[in-house]
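Written out below as structure tokens is the structure these notes cover.
The values are calculated or read from the model by the stated rules, or taken from the named source; none is laboratory data. As the structure is a computational prediction, the values presented were derived from the model and not from experiment. A quick note on method: Cβ atoms are made from the backbone with ideal geometry, for glycine too, and the neighbour counts reach across all protein chains shown. Ligands, DNA and RNA are stripped out before the accessible areas are found, and what is left, the full protein with its side chains, is counted by its heavy atoms. Shrake-Rupley method; radii C 1.70, N 1.55, O 1.52, S 1.80 Å.
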Amino acid sequence: MRGGLEKQLAAWHRFVEHGTIAPSQVRKEVALSWRRSAAAGINPHAPKPPVRLSATKLAAVRNRNAAFIDAALPFMHFLQTAVSGSGFVLVLTDSTGIVLEVFGDENILKMARENNYVPGCSRAEMEVGTNAICLALQEKKSVQLTGPEHYNVRHQSWTCSSAPVFSPTGEMLGTVTLSGASIGAHSHTFGMVIAAAEAIQNHLRELDTALQKSRSETILASLLRSVSEAIIAVDSEGLVTDVNPVAARLLSVKPEAVVGKSVIHLFPGTPEILKAIQENRSTSPVEANIETRKGRGHFMLTPYQMQLGDSFQGAILVVAERRKFIHSVRGVSGLNAFYTFADLVGKAPGFLRQIELARIAARQDSRVLISGETGTGKELLAQAIHNGSERSQGPFVAINCAAIPRDLLESEILGYKDGAFTGARKGGQVGKLELADGGTIFLDEISQMPMDLQAKLLRVLQDGIITRLGDTKPMRVDVRVITASNEDLYEKSRSGGFRQDLYFRLSVIEIALPPLRERVEDIPLLAGHFLERLSRKVPGRTIKISAGAMDIFRAYGWLGNIRELENVLEMAAIVCDKGIIEPGHLGPRIKAAVTPLRLTSRQTDARPAKMKEVEIDMLRETLQKLQGNIALVSRNLGMSRSTIYRRMREHGISRSVKVE
């Protein structure tokens, strides 16, 4: 989600500052509302608005809406108990956006009062700008707004789900709205608001036909019939009292066969669900595996307690297929790929050949091994391959095998069950392979993966089955594997440092990204790209690079490749005061590695020498100057030792001098 919020925030800033909207980044109804808000002269940075109605006027509005309020209150109280302690505020409005009722825990109500989000305030579009309530009224449909989709900056830390309520004759009565912090929003909260609105409408229809049912039965029955999600209701003893049609289909059960029985009968082998219900572990999902008509099913159960005062009445269980549940929180977990092939800058033939191979790989579902030195853009290419594939709508999960301690890497990749080892998180943890189900997992620095974990990864590649640590239940996953290494993985497998059978499994398609020193013609392009991005951080400032500084860039060895180039440019942009990066703005490491001899040879030739010729001349001069000490030559030129040895062999440079 964080990546999505950042894009939305950037789109909001672009509109507020420049009045432009990218259709691909802002929903149509939100964009139209932004424009109406701006046209009305609403200040997006306005402080909290005053409460519009006095107590007397609010009483008159409530009196006009008395039938609506009376019909809605039982459902509002029911929904309030379901989300109690979860940080949500529940609001009922009339058809003009006037807030009639506000419910929630005291801490969240305090925050609402501080923003004048109280009975009598108005959430009409012409009062406060784009918000979920006004859009639900305007569009006559359910709406969920997250963070920067709100027009006023004070509302951007919230996710608001709003559903309109209509009378039996189709007249707009008002809205039911559930608001909470953006990081706490789940897809089922939106569904529950829709269900509550439909339940209120059902209740109004039932009142019209004088249906004789008790209030509690009406509320629960209406909710269960209306909700589009699978829901099971249980009483305070954990006995099933109702199963809605969606849950019955999902679990392959007949409601009459399970009503009155313990929830453990429905989910054998999952005793923790009863404990979660009775200990008030609301919104904390529990995993359950049962046999269905389609085979073994894997589900996530999210319990919500129902209380009447201090008395525990029971709970509702929201049931979701494990894969869909995990995908629903994909944005929250940041499991997205943001880069595409359009973001990869370069024109060097060697680079373009590898990009073309990557485009071909994206159209297949084969495993890919990306090799290249540190800083050459291996993860960006992996993201581009994912976004160019049929899995682009699935998750992209990246993990650096060298960045996680050896003892924890297995649990990160495979996940673990509750109590699997000392220090394990209560409730267990979903592994990265599970999170990537239906998408792509990117294993960076794969050469650093321990041998015992390599064997387990090999099994996953062969069978598509994983087993969490401490668990005995295997799970099938559908994952595309892309790996990357800055080492020669083939040579490492031949020497016994990496499993050779795993290497051949991973390297169906091999892509070798060239180092920046072999893409000299791309340096101006990349520099321009990074400087343009740096310029955008400081509005009104344009940063350029002088010819002298560019000559040094072309001559430098770039041991850290593109990442080093970006960092050097950022530093130079900070210290340059006139918007032009000169040689004097470059760090001493860069200038020391590029001697005047090399630059002079480029400037005095009648015809500019090719970069390779300059590089070889400089290599000969430096070898002679440093008496063949390869370590010193490497540091001086910014070239790796392997590259120096290769250049010496290719061009017959004498090795009679001292070589370390």
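A few notes on this one:
- In this structure the chain gives 47 Å² per residue of accessible area when probed at 1.4 Å with all protein chains present.
- If you plug the beta carbon distance of Glu518 and Arg541 into 1/(1 + (r/R0)^6) with R0 = 35 Å, you get a FRET efficiency near 0.60.
- Potential extension, Thr56-Ser24 segment - 0.36 nm per residue separation minus Cα distance: 6.9 nm
- In the range 233-292, trypsin sites (Lys or Arg not before Pro) in a DSSP loop with at most 16 other beta-carbon atoms within 10 Å: Lys261
- Using heavy atoms of the protein chains and a probe of 1.4 Å, the accessible area assigned to Lys347 is about 120 Å².
- Sulfur and carbon atoms: percent of accessible area, the range 10-132 [1.4 Å]: 56
- Subtracting the Cα-Cα distance of Leu207 and Asp478 from 0.36 nm times their residue separation leaves 92.6 nm of extension gain.
- Cα-centred dipole magnitude for the chain, charges only on beta-carbon of K, R (+1) and D, E (-1), debye, nearest 20: 1600
- Helical contribution to [θ] at 222 nm, DSSP H n ≥ 4, -39,500 (n - 2.57), averaged over the chain, rounded to 500: -13000 deg cm²/dmol
- Positive-end residue, the chain charge dipole about Cα centroid, Cβ charges, pick of Cys121, Pro474, Gly557: Gly557
- Solvent-accessible surface ranking, highest first, for Ser485, Ser392 at 1.4 angstrom: Ser392, Ser485
- Geometric descriptor of the range 543-589, per residue, is 67 Å³ (volume of the convex hull of the Cα atoms).
- Excluding same-chain neighbours fewer than eight residues apart, the lysines reachable from Lys625 by a Cα-Cα span under 30 Å are Lys591, Lys610, Lys612, Lys658.
- Simple point charges give the picture: +1 on the Cβ of Lys and Arg, -1 on the Cβ of Asp and Glu, and for the range 466-579 a dipole about the Cα centre of about 440 debye.
- Greater than 24 Å apart at Cα, pairs in Lys110/Lys324; Lys324/Lys417; Lys432/Lys456; Lys28/Lys378: Lys110/Lys324; Lys28/Lys378
- FRET efficiency, Leu408 to Glu171 (Cβ-Cβ, R0 60 Å, nearest 0.05): 0.50
- When the range 475-568 is reduced to its Cα atoms, the Kirkwood hydrodynamic radius in Å: 16.7
- Cα-projected label distance for Met111 with Glu256, points at 7 Å along beta-carbon direction, nm: 4.7
- Extension gain, Lys294 back to Lys324 (0.36 nm per residue minus Cα-Cα distance, nm): 9.2 nm
- Dipole of the chain [Lys/Arg +1, Asp/Glu -1 at C-beta], most positive-end residue of Gln138, Gly260, Leu626: Leu626
- Three principal axis lengths of the chain [C-alpha, angstrom, descending]: 103, 61, 40
- With the charge dipole of the chain set up from +1 on Lys and Arg Cβ and -1 on Asp and Glu Cβ about the Cα centre, the Cα lying farthest toward the positive end among the listed residues Leu317, His188, Ile370 is that of Ile370.
- By definition, a body whose alpha carbon gyration tensor gives a ≥ b ≥ c is oblate when a/c is 1.5 or more and a/b is not larger than b/c, and the range 361-411 fits this oblate description.
- For Phe15, the accessible surface of its heavy atoms amounts to roughly 20 Å² (probe 1.4 Å, protein chains only, rounded to the nearest 10).
- Three-way shape label, the range 50-195, alpha-carbon gyration tensor, a/c 1.5: rounded
- Accessible heavy-atom area order of Thr96, Thr302, highest first, probe of 1.4 Å: Thr96, Thr302
- The range 386-501: radius of gyration over Cα atoms, expressed as a fraction of 2.2 N^0.38 Å: 1.07
- Among beta bridges identified by DSSP and lying wholly in the chain, the antiparallel ones come to about 75 percent.
- Across the chain, C-alpha contacts under 8 Å between residues 6 or more apart give a mean separation that, scaled by the residue count, equals a relative contact order of 8 percent.
- Charge dipole of the range 346-465 (Cα centre as origin; +1 on each Lys and Arg Cβ, -1 on each Asp and Glu Cβ, all else neutral): 220 debye, rounded to the nearest 20.
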